[in-house]
Amino acid sequence: MMIFEAISNSLLKAKNRIVMAPMTRSRTTQPGDVPNDMMATYYKQRANAGIVVTEGAPISAVGRGYSMTPGIYTQAHIEGWKKATKAIHDEGSKTFIQLWHVGRRSHSSISGSQPLAPSAIKVPDQVFGPLEDGFGMIETEQPKAMSLQDIEDTIADFVQAAKNAMEAGFDGVEIHAAHGYLFDTFMRLVSNQRDDQYGGSQENRMRFMLETLKAVADEIGSDKVAVRVSPHVIEGFADEDTDIVDMMLKALEKMAKMNLAYVHFSENISRHIEVPESFRQQVRAVYPNPIMVAGKLTKESAHLLLKNKYADLVAFGTPYVTNPDLVARFKNDWPLAQFDADARLTLYGGGEEGYIDYPEYRA
């Protein structure tokens, strides 16, 4: 099957086309949100994937939206991530770190400051944060509209985070522009009511994401830069945006010229719209470079995406939580350990239980 074949082109090389998708697990060492040995073990166990994309790493304190997530903005973060990159590389896999600014999906008790957004618009939403007796889901806070200086500072933070990632040994960075986080809210009419060069027209609303991609690519090389988008997902929004799909196709035309490592489509999670085949055809018509797709894929549906040339890489999230040996299970048609209610209880926070204690399959 194509899913097990290596990918090798001018932009990207990996031992197979299976990707471990990014998933927040909140297992860092405190204080400081520092990646640790347990996290390195977690990623090493799952480095049968051709590429491991890490959980989202906040690029700054103000970009943080979930407690205990591993940063990439201090030297301690860099040194901690070196353990994970070495563990993954020792297994022959590549790894991209997901660079994260959550935008309005935060609270000052997590980030230390008022959340930032294109416009001062709040919707009902919850994130993983501090409670009186531990951690749990808390309501997000009213955001403030970003100034032009805030935008300039944020681009600089992404560039510095990418440089830090290179020092930590990553093969590349994936900029998170999906799921109602910062860049996604700039692109959607329902959350962006600006009247400057970052609001209004489609060209203006995609500007922040494209300027950030270019700045990061200029710093570390475009073949080391990827982006995650979710035009068919409504997570983080009260209402559907009827403009986002058309705008994304136009943004992809511009991104095609950047020669990025890949564009990652997140689908079929939270509140979402089914992705029509016509969209995949439109994407391929304007975007010839590597495409990754994630979202409740099976081995069979992933293979079909590859066979139809709608994707070059296929990513799996929750199956990797309970199946550290996912590639071997796929190759041998072994049953998958299910992601069930017990697995959900240990998804965020905690120790080794429900994190690195899932066994490999025994035939």
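Values in this text are rule-based calculations from the coordinates and carry no lab data. Since this is a predicted model, take the numbers as computed values, not measurements. All Cβ positions, even for glycine, are placed from backbone atoms using ideal geometry, and neighbour counts span all protein chains on display.
I'm trying to understand the selection: among the residues of segment 270-280, which are free of Cβ contacts under 8 Å to residues at least 60 places away in the same chain and either assigned to a loop (DSSP other than H, G, I, E, B) or β-branched (Val, Ile, Thr) (or both)? Walk me through how you get there before you give the answer.
Just the residues of segment 270-280 that are free of Cβ contacts under 8 Å to residues at least 60 places away in the same chain, to begin with: 271-280.
ARG271, ILE273, GLU274, VAL275, PRO276, listed by residue number.
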query: Of (1) over 15 Å from the mean Cα position of the chain (by Cα); (2) surrounded by 17 or more Cβ atoms within 10 Å (Cβ to Cβ); (3) under 22 Å from GLU253 (Cβ atoms); (4) of a type outside the set (Lys, Arg), LEU189 satisfies all except one. Which?
result: (2)
- prompt: Looking at LEU304, LEU297, LEU313, which one is out of contact with any strand residue (DSSP E or B) (no Cβ under 7 Å at 6 or more places or on another chain) and not basic (Lys, Arg)?
  reply: LEU304
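Under 17 Å from GLU352 (Cβ atoms) and of a type in the set (Ser, Thr, Tyr), is that true of THR54? So that I can check it myself, show each step before the final result.
Values: under 17 Å from GLU352 (Cβ atoms): no; of a type in the set (Ser, Thr, Tyr): yes.
No.
Taking segment 19-59, which residues are assigned to a loop (DSSP other than H, G, I, E, B) and in contact with a His (Cβ under 7 Å, 6 or more places away or on another chain)? Outline the logic, then answer.
Pass one, segment 19-59, residues assigned to a loop (DSSP other than H, G, I, E, B): 21-28, 30-33, 35-36, 46-50, 59.
Those that are assigned to a loop (DSSP other than H, G, I, E, B) and in contact with a His (Cβ under 7 Å, 6 or more places away or on another chain): PRO35, ILE59.
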query: Among the residues of segment 244-267, is there at least one that is surrounded by 15 or more Cβ atoms within 10 Å (Cβ to Cβ), outside any helix (DSSP H, G or I), touching a Gly at 6+ places or on another chain (Cβ under 6 Å) and not small (Gly, Ala, Ser)?
result: yes
statement: Filtering segment 127-143 down to residues that are in contact with a Gly (Cβ under 7 Å, 6 or more places away or on another chain), among the aliphatic types (A, V, I, L, M) and surrounded by fewer than 19 Cβ atoms within 10 Å (Cβ to Cβ) yields ILE138
message: Considering only residues that are surrounded by 12 or more Cβ atoms within 10 Å (Cβ to Cβ) and touching a helix residue (DSSP H, G or I) at 6+ places or on another chain (Cβ under 9 Å), which ones fall in segment 271-297?
response: ILE273, PHE279, ARG280, GLN282, VAL283, VAL286, TYR287, ASN289, ILE291, VAL293, LYS296, LEU297
query: Which ones in segment 213-236 are on the phi < 0 side of the Ramachandran plot, surrounded by fewer than 24 Cβ atoms within 10 Å (Cβ to Cβ) and either assigned to a loop (DSSP other than H, G, I, E, B) or hydroxyl-bearing (Ser, Thr, Tyr) (or both)?
result: SER222, HIS232, ILE234, GLU235
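Taking only segment 85-111 into account, find how many residues are among the hydrophobic types (A, V, I, L, M, F, W, C) and farther than 21 Å from ALA261 by Cα. Can you show your working first?
The first filter runs over segment 85-111 and keeps only residues among the hydrophobic types (A, V, I, L, M, F, W, C), leaving 87-88, 96-97, 99-100, 102, 110.
Subset that is farther than 21 Å from ALA261 by Cα: 87, 102, 110.
Number satisfying all stated conditions: 3.
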